[in-house]
Amino acid sequence: MAGFAAFPNKRLCDVVFPGTHDAGIYGPELGGTAKTQSLSLGEQAAAGVRYFDLRIATIKTGNGLEQRAYHAPALKKVSGKEGNYQKPSLTSAVAIGTFTGHGSDRLSQMLDQARSFVMQNAGEFLILRFSKCGDMQDVVNQCILKLGDERFAQNVNLNIASINSLQGKVITIFDQGDFNKLSPASKATPGILPVKAMFNSEEGHATYEPYKWGLQYFGKYSNTRSTDKNIRKQLEILSQGPVSSPEMLGMMYWTLTTKIGEKLLKTFESIQVRDRKMWNSGQQALVKAWRAGVRDHIVARAGHQHRQWLANGYPPTAMGRSAKSFMPNIIMMDFADPDRCATIWNLNLTTDDMMARMGNDLTNVGSIL
């Protein structure tokens, strides 16, 4: 099993690792237009996934009200005799289930699986990212209760944290907007950390803050069912990565979402059927796109910056850090499996090779890729 254990002395921002989009959306009751994973959270971790996108809502089931992962663009609030709960919906006003659904496992079960994994694999750690939850305060409370001593309980900038300082723990991060609304006690709890998305196409990208607790990343999903469109869109997004933030984590979405209205005849096509197109023969499409993303950043930024730094007499170690510049670190995918995860972990070998060659010729960056 590939994982963080192979890189104990590196920082998180220097490693490429797999993440799962809508990580909790698995189970036999889900239809093809909603299901995004075929493995449980624990099985995804065993396959090599280390970053999990989880959206949790209070769902009405045959067992009553339960906290489960959901897949939908909105939640419809419902008040019944059982209490208040939410329905995964296309809009906040109308519940339409064709493209929506919820996973089989309760949040408590997924937390148990995460805790069990790190207890059995002391060199590893998992990052659980919670967003768009129906009751984020309850999610925080369950994380504290269920993860116990295996919950990462420090306030640090995760981007620059060393791998060995995170090993054996489950890290919990919460979307910045939701984090801001938590109770003062929760926000003051060590290890209840915000995650901030830096990409903003309308208002201008946010600036990386080196002393900010939590995690800061740059990336955005493409919202398309077309492989070619997704590749173009991801490279366009990555090309806008901040110039001055080598510690920024890059997030690259290797997913094909359901977009209603795009090729209407294929609206009801299974996500898994479309997803296979992203993992073609030899899984080289991902490697090619990832390398292109790295190349664009190195050529556009590091080349110019290196020449300036070299002329000013900066030490090679400083220039080496700048060479990384901005790299797609987290590769988000649907339907994780060991082969796909291995492809992503192997990108770390590509990184080392690219950076080594760059170090040999800082004045002619474009020619070495």
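Brief remarks on what is shown
- The radius of gyration of the Cα set in region 1-155, together with its Dmax, comes out at 16.3, 54 angstrom.
- Taking amide H positions as modeled 1.01 Å from N, with prolines and chain starts lacking one, the residues under 5 Å from Ala74 and 5 or more places away or on another chain are Ser89.
- Largest first and in whole Å, the equivalent-ellipsoid semi-axes of region 63-218 read 28, 21, 14, each the square root of five times a Cα gyration tensor eigenvalue.
- Residues Ala185 and Ala6, FRET efficiency given R0 of 35 Å [Cβ-Cβ distance, rounded to 0.05]: 0.40
- Applied to region 17-25, the Karplus parametrisation 6.51 cos²θ - 1.76 cosθ + 1.60 on θ = phi - 60° returns per-residue 3J(HN,Hα) values of 8, x, x, 10, 7, 6, 5, x, 8 Hz, with x for Gly and Pro.
- A straight Cα-to-Cα reach below 24 Å connects Lys229 with the lysines Lys35, Lys220, Lys259, Lys263, Lys266, Lys277, Lys288, residues fewer than 8 places away in its own chain not being considered.
- Convex hull of region 136-256 built on C-alpha atoms - directionally averaged projected area, nm²: 8.8 nm²
- Percent RCO, i.e. relative contact order, over region 165-218, from Cα pairs under 8 Å lying at least 6 residues apart: 33 percent
- Within straight-line cross-link reach of Lys212, aspartates and glutamates at Cα separation under 17 Å, skipping those fewer than 8 residues along the same chain: Asp175, Asp178, Glu247
- Mean projected area (nm²) of the alpha-carbon convex hull when region 44-130 is viewed from all directions: 6.4 nm²
- Solvent-accessible area, 1.4 Å probe, carbon plus sulfur percent, for region 2-51: 56 percent
- Relative contact order for region 1-159, counting Cα pairs under 8 Å that sit 6 or more residues apart, in percent: 25 percent
- Summary of the geometry: region 108-171 and region 333-352, compared by the centres of their Cα atoms, lie 22 Å apart.
The values are calculated or read from the model by the stated rules, or taken from the named source; none is laboratory data. This structure is a prediction, so every number in the text was calculated from the model and none was measured. In this analysis, Cβ positions are derived from the backbone assuming ideal geometry, glycine residues included, and neighbour counts consider all displayed protein chains. Each accessible area value is taken on the protein alone, full model and side chains, heavy atoms only, with ligands, DNA and RNA left out. Shrake-Rupley method; radii C 1.70, N 1.55, O 1.52, S 1.80 Å.
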